[in-house]
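Chemist: First the structure, which I've put down as C-alpha cells, then a few questions once you've had a look.
The values are calculated or read from the model by the stated rules, or taken from the named source; none is laboratory data. The structure presented is a predicted model; accordingly, all values stated were derived computationally and were not measured. Cβ: placed from backbone, ideal geometry, glycine included. Neighbour counts: every protein chain shown.
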Amino acid sequence: MNFLQQALDYIFTAGNWTGKAGLGARIIEHLQYTGVAVAVSVLIAVPIGLAIGHTGRGSFLVVTAVNALRALPTLGVLLLAVLLWGLGLLPPTVALTLLAVPPLLAGTYSGIANVDPKITDAARAMGMSGRQVLTRVELPNALPLILGGLRTATLQVVATATVAAYASLGGLGRYLIDGIKIRQFYLALVGALMVTALALLLDGLLAMVVWASLPGTGRLRRRLPQPLLDDEVRLDAGQSGRTPDYNPGGPSPTVEGW
Amino acid sequence: MHYLFTHLDSAWSLTLIHLRLSLVPVLLGLLIAVPVGALVWRHVMLRRLTTLAASIIFTIPSLALFVVLPLIIPTRILDEANVIIALTLYTTALLVRAVPEALDAVPAHVRDAAAAVGYTRIGQLLKVELPLSIPVLTAGLRVVAVTNISMVAVGSVIGIGGLGTWFTEGYQSDKSDQIVAGIVAIFVLAVIIDVLILLAGRLITPWARKTKAAA
C-alpha cells in the first residue's frame, strides 16, 4: 500500500502535470497515438466491412483476416517498425492500426450482414437503390455493432499504446517502462493507474455513444431519415387489402417523413 | 527468418514457456468461468454485477496489470505468476460473459424436452444445456487463446515474455531478423492453437455435424 500512497501523491502533485515530460504532455501523446491509429483503422476497416457485408462476397476473407491480424503480436510489429523507419509517429500508428482493424472490421461486417433481410428486401421493394439501402437502411441498423467494434478497438489501442514507450517513444507507458527500469515501482504504478483511468473514461464515453446509436430510439436525433421500415411493414400487414399511397416517381413519402 | 532456423533450440524452449504462460490461464479461466457463469445465469442482479466486473477488468491494460499485481498480491515483481494471474483474469472476464449468453441460446423446446424426460435442474444444466453451449464457448476460447498468445509477448518488456524475448533482444541489438523470427513464430503458434481448439470443439460435439448433414 506504500507504493499506492506514493503513486497517488505523485498524481495529485500539480507540478508533475506540467512540462515536456509531465503527465499532461504524456496523456496528450497517448491520446495522439490512440486517435491517429483508430482513425486510420476506421478508414481502412469500415469501407471494407460495408462493402463485404453489403454484397455478401468475400465473407471468408473477413474471418481469415480478422483471425490472422489478431494473432500478430503488436510489440514485435512496433519494434520492427522502429528499427526499419526510426522513431516518430509512423511505427506506433502502423502497429496499433493492425491491432484496431480486427474488431472494427468484425463489427462493421457482422453489423451489416446481420441486418434482417426482411428490412433490406422491403427497402429494395420500395425502389431504393443499392447505395440507398446501404446508407439509409443497413448503416443505421448496423451502427450499434459498428460503434461496438470502435469501442473494443479504442480500448485495446489505449491499453497497448503503453508499449510504445519501450521503443523510446512517449505516452503514458513512459512511467511504466521507466519505473521498472530504475526500479521505482511507484512510478510504474502511476503509469498503470493513469492508463487504466484513461481507458475506463474512453470506454464509458463510447458505451454512451453505442447506447445513443440504437436504431429507432431517436437518441441521436439525426437529421437523417429514420428507416423504421419494420414498423411500416407491420402496419401494412395489419391493414391487408388496402394499397398504401405510393408514388413510384419520387422517394417514398413515409420514409422521408420520419 | 534466417534467425528462426539457426536458433531452433532456443525457439523450442521459448515456445514451451510461451505456451505455458498463455494456455495455463485459458484452462484456469475456463475452470472459473463455466461454474460462475452457470451460477449467475438465472439471477438477473448477479449476472449484471458479473458483467460489470468483467468489463472493468477488461479495461485494465495488460502491461499495467503485470506491474500492479505484485503490489496487491504477494508475488515478486518479475515473476511468471504475475503474467499467468493477469491473463487468467482476462480469460475469466471474457468467458464469464460468454457462458450465460451461450446458455441463453439453448432453444426453449430443447429445455422443455429435457424437463419432460425427467432431468432435474442440475442434471439438465450439466447434461443438456452446457454441452449444447460448447460451440459458442469454443468460439470464445479461440479468441482468448489467440489474444493471450500475442499478449504474453508484451510481458517481455518486464522480462517474462516467452518468444517475445526475441523482440526485446532483437530491438536492443538492432537485429530486425530476430524480431521477424519472433513475429513469425508467435503467429504460427497462434494459428496452430486456434485450429486445435476448433478441431477439439468439433470432436466433442459430434451431434452438430450430424444435424448439419441431416439438414
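Chemist: Filter the range A:69-89 down to the residues that are more than 8 Å from every other protein chain (Cβ to nearest Cβ) and either in contact with a strand residue (DSSP E or B) (Cβ under 9 Å, 6 or more places away or on another chain) or touching a residue at least 60 places away in the same chain (Cβ under 8 Å) (or both) and list them by number.
Modeler: A:LEU78, A:LEU87
Chemist: Of all residues being among the aliphatic types (A, V, I, L, M) and outside any helix (DSSP H, G or I) in the range A:66-85, which is surrounded by the fewest Cβ atoms within 10 Å (Cβ to Cβ)? Just the residue, please.
Modeler: The selected residue is A:LEU72.
Chemist: Taking the stated definitions as given, is B:VAL136 of a type in the set (A, V, I, L, M, F, W, C), crowded, with 18+ Cβ neighbours inside 10 Å and over 24 Å from B:PRO70 (Cα atoms)?
Modeler: yes
Chemist: List every residue pair whose Cβ atoms sit under 8 Å apart, with the two residues 6 or more apart in sequence or on different chains, where the first one lies in the range B:156-176 and is within 19 Å of B:ALA81 (Cβ to Cβ) and free of Cβ contacts under 8 Å to residues at least 24 places away in the same chain and the second, anywhere, is of a type outside the set (Lys, Arg) and surrounded by fewer than 21 Cβ atoms within 10 Å (Cβ to Cβ).
Modeler: B:SER156/B:THR165
Chemist: Quick one: would you say A:VAL66 is more than 11 Å from every other protein chain (Cβ to nearest Cβ), under 30 Å from B:ILE193 (Cα atoms) and at pLDDT 85 or above?
Modeler: The answer is no for A:VAL66.
Chemist: Can you tell me which residue in the range A:90-99 is farthest from the other protein chains (Cβ to nearest Cβ), limited to those that are aliphatic (A, V, I, L, M) and farther than 15 Å from A:GLY170 by Cβ? First the steps, then the outcome.
Modeler: So the first thing to find is which residues in the range A:90-99 are aliphatic (A, V, I, L, M), and the list is A:90, A:94-96, A:98-99.
Those left that are additionally farther than 15 Å from A:GLY170 by Cβ: A:94, A:98-99.
Numbers: A:VAL94: 13, A:LEU98: 11, A:LEU99: 9 Å.
My answer is A:VAL94.
Chemist: Separate question: Any idea which of (1) facing chain B (nearest Cβ under 10 Å); (2) of a type outside the set (A, V, I, L, M, F, W, C); (3) surrounded by fewer than 20 Cβ atoms within 10 Å (Cβ to Cβ) is the one A:GLY22 doesn't satisfy?
Modeler: Here A:GLY22 meets the rest and fails (1).
Chemist: Please determine, by comparing only the residues of the range A:168-182 that are at the interface with another protein chain (Cβ under 9 Å from one of its Cβ atoms) and surrounded by fewer than 23 Cβ atoms within 10 Å (Cβ to Cβ), which one is farthest from B:ILE158 (Cα to Cα).
Modeler: A:GLY179
Chemist: What number of residues within the range B:172-182 are within 7 Å of another protein chain (Cβ to nearest Cβ) and at pLDDT 90 or above?
Modeler: 3
Chemist: Further question: Of all residues in the range B:55-75 being at the interface with chain A (Cβ under 9 Å from one of its Cβ atoms) and of a type outside the set (A, V, I, L, M, F, W, C), which is surrounded by the most Cβ atoms within 10 Å (Cβ to Cβ)?
Modeler: If we take residues in the range B:55-75 being at the interface with chain A (Cβ under 9 Å from one of its Cβ atoms) and of a type outside the set (A, V, I, L, M, F, W, C), then B:PRO61 is surrounded by the most Cβ atoms within 10 Å (Cβ to Cβ).
Chemist: While we're on this one: Name the residues in the range B:33-48 that are of a type outside the set (A, V, I, L, M) and either under 16 Å from B:VAL106 (Cβ atoms) or within 23 Å of the chain's Cα centre (by Cα) (or both), would you?
Modeler: Scanning the range B:33-48 gives B:PRO35, B:GLY37, B:TRP41, B:ARG42, B:ARG47, B:ARG48.
Chemist: Find the helices (runs of 4 or more DSSP H) located wholly in the range B:106-205 whose residues include 2 or more that are more than 23 Å from the chain's Cα centre (by Cα) and closer than 28 Å to B:GLU80 by Cα, and list them.
Modeler: Fully inside the range B:106-205 and qualifying: B:165-172, B:176-203.
Chemist: OK, next. Considering only the range B:49-71, how many residues are of a type in the set (Val, Ile, Thr) and either within 16 Å of the chain's Cα centre (by Cα) or closer than 14 Å to A:ALA192 by Cβ (or both)?
Modeler: The qualifying residues number 5.
Chemist: Which one of these does B:THR205 not meet: (1) more than 8 Å from every other protein chain (Cβ to nearest Cβ); (2) among the hydroxyl-bearing types (Ser, Thr, Tyr); (3) farther than 30 Å from B:ILE134 by Cβ?
Modeler: Status for B:THR205: all satisfied but (3).
Chemist: Further question: Scan the range B:157-167 residue by residue and report those that are facing chain A (nearest Cβ under 7 Å) and not β-branched (Val, Ile, Thr).
Modeler: Passing the criteria: B:GLY164, B:PHE167.
Chemist: Select from the range B:109-138 the residues that are in contact with a Gly (Cβ under 8 Å, 6 or more places away or on another chain) and not aliphatic (A, V, I, L, M) and list them in ascending order.
Modeler: Selection gives B:PRO135, B:THR138.
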